[in-house]
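Trainee: Structure below; questions to follow.
Just so it is clear, none of the values below were taken in a lab; they were calculated from the coordinates. Just so you know, these numbers come straight off a predicted model, no measurement behind them. Virtual Cβ from ideal backbone geometry, glycine too; neighbours counted across all protein chains shown.
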Amino acid sequence: MRKLLDLGNKEFRLFGIQMDGYAFAAYFSTIANAVCGSIIMIFYLLSDPLDSVLATRLLVLGASFDAIDGRLARRSKYKFQIGAKLDTYADLVTFGLVPAFMILEIVVPYNSLLAWITASFYVLTASFRLSRFVIARKSLLFSGMPSPPAAIFIASLYVIDNIHPQFMVFSAILISSLMMSSLPFTGMKKVTNLFDWIHFIYGIVLMLLMTYAPSSWFNTLGILFASYIYYFIIVGPFHAKWQLNQIEKRESGSFAGKNRSD
């Protein structure tokens with residue numbers, strides 16, 4: 001723990017840019033996310049797609065790197081615009097283009113026109129979601145479904161045996177519409193109660209399993225994660241509003257108590 005805290009005191013120079021350890025680790029995480037997505041994309045573009053399980057592992061691994069790069073960057077005393085732009089590029093590849101190609105692979109044999117419409121809609125909405133996140137005022141909640149869980153949702157369907165193309169189309173259009181919506185979803189930046197902890201731990205465990213579990217588990221893991229996202233779609237907005245109300249009540253209560261003590 002002490003070594004981790006010392007990262008802020010270590011100085012590095014990368015491509016002529018001075019930074020501390022937190023900024024360096026954040027850049028590494030963002031680049032690792034971009035590499036994970038780019039590997040999958042290269043094989044798609046070469047018309048030799050990776051095995052569905054390996055592609056899903058890489059996408060989930062990219063999401064894991066994405067989950068920590070922002071936290072590391074916020075700890076750094078250096079602020080660089082290039083980091084945010086690089087992160088957006090990495091997210092667009094891993095969480096925008098890769099899921100679209102997964103949709104194409106499943107749906108093209110069924111109906112190529114429908115496949116291209118669905119995949120294009122997914123890329124457009126993911127791009128919109130990522131652009132809105134860059135300019136949005138930072139808060140405890142996300143406006144619209146975040147792109148990483150949306151991408152893992154598509155990847156989960158991708159590894160389910162004999163998934164029906166029509167179900168993939170329906171699910172992709174649904175998750176795309178939610179990314180473009182203004183419905184609130186929790187960012188899990190504050191885990192304050194038992195329900196939050198269960199939700200948080202369950203999601204983390206599923207992501208770890210989808211990165212490291214044996215390939216034979218992936219049909220079941222795909223069903224579990226896809227079901228989890230469908231549950232999150234239904235419960236998520238209501239829970240996000242409730243969570244925000246609880247936090248605001250605690251903060252207003254502590255502020256009122258401070259005023260009384262003053």
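Trainee: What distance in nm separates the simple spin-label points at V235 and S120, each placed 7 Å from Cα in the Cβ direction?
Mentor: Once both label points are built, they end up 3.8 nm from each other.
Trainee: Can you work out the FRET efficiency for the pair Q166 and L244, with r the C-beta to C-beta distance and R0 = 35 Å, to the nearest 0.05? Let's see the in-between values first.
Mentor: Values: r = 36 Å, r/R0 = 1.04.
Here the calculated transfer efficiency is 0.45.
Trainee: Taking the Cβ of L59 as the center, what net charge do the other residues with Cβ under 15 Å away carry, scoring Lys and Arg +1 and Asp and Glu -1?
Mentor: Spelling it out: positives minus negatives among the neighbours equals -3.
Trainee: Could you give the length gained by full extension between A67 and Y89, i.e. 0.36 nm per residue of separation minus their alpha carbon distance, to one decimal place? Each step should come with its number before you reach the end.
Mentor: On the way: separation 22, 0.36 × 22 = 7.92 nm, distance 1.50 nm.
Additional length available on full extension: 6.4 nm.
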